[in-house]
1. Starting from the amide H of D:N51, placed 1.01 Å from N in the peptide plane, find each other amide H under 5 Å away whose residue is 5 or more places distant or on another chain.
2. Of all beta bridges DSSP finds with both residues in the protein assembly as shown, what is the antiparallel percent, to the nearest 5?
3. Work out the FRET efficiency for D:K6 and C:S65 from their Cβ-Cβ distance, taking R0 = 51 Å, and round it to the nearest 0.05.
4. Whole-Hz ³J(HN,Hα) for each residue in the stretch D:58-64, computed from phi via Karplus 6.51 cos²θ - 1.76 cosθ + 1.60 with θ = phi - 60°, x for glycine and proline: what do you get?
5. Based on other C-beta atoms within 10 Å, arrange C:H81, C:H215, A:H49 from fewest to most.
6. Tell me the net charge near E:L114. Cut-off is 12 Å between Cβ atoms, E:L114 excluded, with +1 for each Lys or Arg and -1 for each Asp or Glu.
7. Grab the beta carbon distance between A:S130 and B:S41, set R0 = 60 Å, and tell me the FRET efficiency rounded to 0.05.
8. By the scheme Lys and Arg +1, Asp and Glu -1, what is the net charge of all other residues having a beta-carbon under 12 Å from that of C:V10?
Amino acid sequence: MAYQFDFSFLSEYWPELLRGLWLTLKMSVLTIVLGFLVGTVLAIGRTAHSAWVRRACGVYVEVIRNTPLLIQMFLIYFGLASLGLKLGANFCAILSIVINISAYTCEIMRAGIESIRKGQLEAAQCLGLSRLQTLAAVVLPPATERVYPALTSQFILIMLTTSVVSQISAEELTSIAARIDSITFRSFEIYLVVALLYILLAVAVRGTFWLIARLVFPRLRRLGTPL
Amino acid sequence: MLTTFQIQALLVGALWTVGLALVAFIGGGVIGLLVAVTRVSRHRIVRNLSFLYVQIVQGTPLLIQMMLAYFGLSLLGYDLPPFAAACLAIVVYASAYFGEIWRGGILTVPKTQWEAAECLALSDAQRFWLIIVPQALRLSTPPTVGFMVQVVKNTSLASVIGVADLTYTSKLINNSTFQPFQVFVLVAALYFVMCFPLAWWSRKLEDRLNVSNH
Amino acid sequence: MSPIIKLSNVSKSFGALQVLDGISFDVHPGSVVALIGRSGSGKSTALRCMNGLETIDSGEIDICSHRLGTTVEKGLLRALHLDVGMVFQSYNLFPHLTVGQNIMLAPRWVKKSAKGEARERAMEVLSRVGLAEKFDSYPEQLSGGQQQRVAIARSLAMQPKVMLFDEVTSALDPELTGEVLRVMESLAREGMTMVLVTHEMAFARRVADTVIFMHKGRIHEKGPGAMLEAPSTPELAQFVGNGL
Amino acid sequence: MSPIIKLSNVSKSFGALQVLDGISFDVHPGSVVALIGRSGSGKSTALRCMNGLETIDSGEIDICSHRLGTTVEKGLLRALHLDVGMVFQSYNLFPHLTVGQNIMLAPRWVKKSAKGEARERAMEVLSRVGLAEKFDSYPEQLSGGQQQRVAIARSLAMQPKVMLFDEVTSALDPELTGEVLRVMESLAREGMTMVLVTHEMAFARRVADTVIFMHKGRIHEKGPGAMLEAPSTPELAQFVGNGL
Amino acid sequence: DQLADIKAAKAITIGVDLGQAPFGMVDGTMKQVGSDVATAELLAKDLGVELKIVSVAPANRIPYLMTKKVDAVIASFSITDERKKTIDFSNPYAVIQSAVATTGGLKVSALNDLEGKEVAVTRGSTNDQIITKAAEDEGLNITVVRYDDNATATNAVVSGQQDVYVVAPSLLVPVNAANPDKKIEPQLTLKSFPLGIGLRKNEPEFKAWLDQWVTDNLASGKLRETYKTYHNVDLPDDMASFN
Ligand SMILES: Nc1ncnc2c1ncn2[C@@H]1O[C@H](COP(=O)(O)OP(=O)(O)OP(=O)(O)O)[C@@H](O)[C@H]1O
Ligand SMILES: Nc1ncnc2c1ncn2[C@@H]1O[C@H](COP(=O)(O)OP(=O)(O)OP(=O)(O)O)[C@@H](O)[C@H]1O
Ligand SMILES: [Mg+2]
Ligand SMILES: [Mg+2]
């Protein structure tokens, strides 16, 4: 290999990288939590009795899912500013990712919800549980457990997706890397380091989700079998 | 206003996007199936290797995978044309996600179904294709299509290795016209046109799979 | 005494299949009615209609002072389900909850019982079906018979006025059938009204005040348990005379 | 005549729970053995071990010239399943396939029967359980009893040498129990070896050559059907004497 | 010897950033234009070989060069010591001017006026480096808000997210033409930075040829003419002083 790797720039720039890593982590946590909540509410809406609610949630999901996040983000960040509403870059970034990701989460959760057998709903109904209680106690926990692998993947994807916010000036891992790159021109080295950091983040996200599963699905912890 | 040349360029960009996405679906689907099957394998080593693959691929941004496939391989002496490198990267990328999604679907088929199939002397492959896959499909379809839609849009990262897809072309135009809204609204519409059929198809498929459920 | 359940000319179809064809009967408070009939004759469907799980096509059902017509409003159903308990043929335990949680769920969420109280009550009903030691097991860890008994306990914990049982004994062995029978007898003594679908003739004869023989969606014969010994129609004769 | 099934000192635990505790018995070709015992006594587990669905902890099982030890290799299991059919307590029909497809699946894919032939055979076994008209229905559209009969038909379609039945009649009404009984009797006449778990004593008495009473994972009593009338141990007496 | 290889192949591949108007961009007919494009064309003609332009972006310009997928990069590379550790530069063939521009009539006459303000730049650009360093050197509290590319940074200023912009004044010509109602005015000219043609290290023949070519064409005025066409300003007279 002709290329000589040189990682000496790290000694100068590692605090910056850590700063970027930290922002990526913060944004990931925030968007994952909010995205899951909004997505679950949408999924419930998509299985609601009212055809109007179902349709409204459906249109939201299709429009958001089928257009690029970047453009949604530009519309929120620049579009609103053009109309005189100036919102911070981090706020807009998080807002647009949550809007975007909730549409995907909605579809995953809907699949989980629809996999719950009718007999379960009838049993809950016969016990006098309200629709909301049935959702909370009988539908959502096993539904979430069933789509948990898909959710985990989706959330790792969000973690990686947060890098698009560098477009509108948020200084997360990718954008810090781009800047170090432009100062030092050590592109290969910097991207290798960034790839490694992202893998570590992904391992952390997956590990966290594994721990959360152990915590919120006691049956899984005890029996180890999927639902 | 956009000139006809610019609109034409955007349409050509959209073609690249579609092409790359199709490669991702087909190649990623085939390898993803392999990933899903090995992820639930009885053999611990196979399972762990497969998990490692998923963990690494899911853990790196597609942008970096693209650069590795084009520039990284080049450093090692393998020179791929940009489109081939982009295909390689996106197939690897998609396979990990498809694999994980499908594994989730496979795991939700009750154990008793595996047993019933086993007692009928079906071979492993028959059991998998005839009993497990059709039932897993139902739960996996929405997340699969959801991911496919994301793949269509993520193909834009191929621009970093010189594939002039839709997003890249739009940025190129915007970089000299400085009137982002008309370009981006058109681009959003084009993406919608490319992605919506997937969503629509998914709905049809779900309806069909629902026949035998609930 | 006025009937606590009254079905008047109830019909119900699934598509082209007429499952209930104008059935009427009364159940008096504290009495036990057994629905018998061959598979597919509409017994489960009749029970489900009484509980509002299926809306009927015509006729009327009065149950615990609630009126179920061809349309039913939401609020009424919830009130109804507080008074009417149901145990299913297929158990329908919640797989993600332990036995104890399955039983305590409705008392805690619907009746807002305190945790300790709900727990105590759960233990009590669980002991009644002989499964106190399975409080912390998950449904999948239980055998079929055990799961069915938990389902009965879960329904009992809500202290309903009327209980509907759909083949609750089909997965139970003779010994446990006897235990459940004794539970149901004690319930009957406490004034619980019960409607049960069963395939065990001996059980129907023993526990039921009235036996209703359903055939092709109609009530074909109705009478005290003794009618099973001397069937007056060939259909019933064929049904009970299986050669065993 | 040498036994077609031979269990020698078979033990099996789930974690700390000893479910089978050194059981041994023989089944001769063409004979019918009924396993009875209370819920949780390990009957289903015994059946599952005989079919290789559970690996045993110690002992040996010989079935149709296949030897199941504490480890079992894959190829053996497939050969075994060609000879041994099983019908489950919980039906386990494939929900995404119609009744006809459920039945034709294994003959078509495993035995490579021609489509027409498989269809004919499916119709034949389906008629045998009285459900010929449900050929194109999906399992969920059937009542419990109907589903169980389809499950029996599905197993029959593979023409196994030995059939294992796990409480196949628990969801059936008396009339259909009688029908299934007749099917099973005709199977026995054709030389089919059968092991069945059942809760219906009358059924066990009638159909079985040998009745095995299991209690806490052991074979507590074994004998002809008549032993149920005169139990020699208090456990069996308690089990059959439930007051019905 | 890269120079010999290029001549033997009768073709040179040059990376140009087409997202850097007016250095590199596409026109209404999607043709590649700009001063860097014109410079590359001139260079290929003088070499007597065919020109292939590869569009590069900040993220991939160095990988393109290092993996020999391009022979040289003409992408408004400003020459810095830090960058020289990784690649070689030719003698400066042009400069990039840096100016503080504002919207809404905000006046800036000295860097001090930016105290406490947010300033938009393109991430990693020369402008970014200048303003970041200037703020550090003078101890000013300036928040540098970095956008991915010129177009996005420009959007930020045009849409009103940002009021102060550090930018090459020449970029403002097309921007103001496209957005006439939102005038961005240059206020304070900062230092000019020399731009070099980037090439791989250890190619002395090629570097010598490029250095000579730049010197010749500056002297002949061809490079100055090219620059003036796209930037509307003249190159400084004494380009050699930047060396
Ligand atoms: N949701 C449904 N859609 C269509 N047909 C149905 C549905 N539910 C039940 N049926 C049909 O209605 C008929 C009566 O069903 P039901 O479950 O009431 O019978 P049952 O008397 O309880 O029989 P079993 O003793 O086997 O449980 C059956 O033929 C069944 O196939
Ligand atoms: N996979 C398992 N893991 C843990 N315990 C199990 C498992 N399967 C069965 N058991 C336990 O083993 C015991 C015997 O179960 P088995 O299903 O063999 O009983 P059975 O005799 O068939 O009872 P029933 O008549 O209720 O079906 C039960 O106590 C049950 O809880
Ligand atoms: Mg029924
Ligand atoms: Mg059992």
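Read the figures in this text as sums done on the coordinates, not as results from a lab. From a predicted model like this one, the values you see are computed outputs, not experimental measurements. Neighbour counts run over all protein chains shown; Cβ positions are idealised from the backbone, glycine included.
1. Those lying under 5 Å, H to H, from D:N51: there are none.
2. Antiparallel bridges: around 55 percent, rounded to the nearest 5.
3. 0.20
4. 7, x, 8, 10, 10, 9, 6
5. In increasing order of surrounding Cβ atoms, one gets A:H49, C:H215, C:H81.
6. Residues near E:L114 contribute -3 overall.
7. Efficiency, from the Cβ-Cβ distance: 0.85.
8. -1
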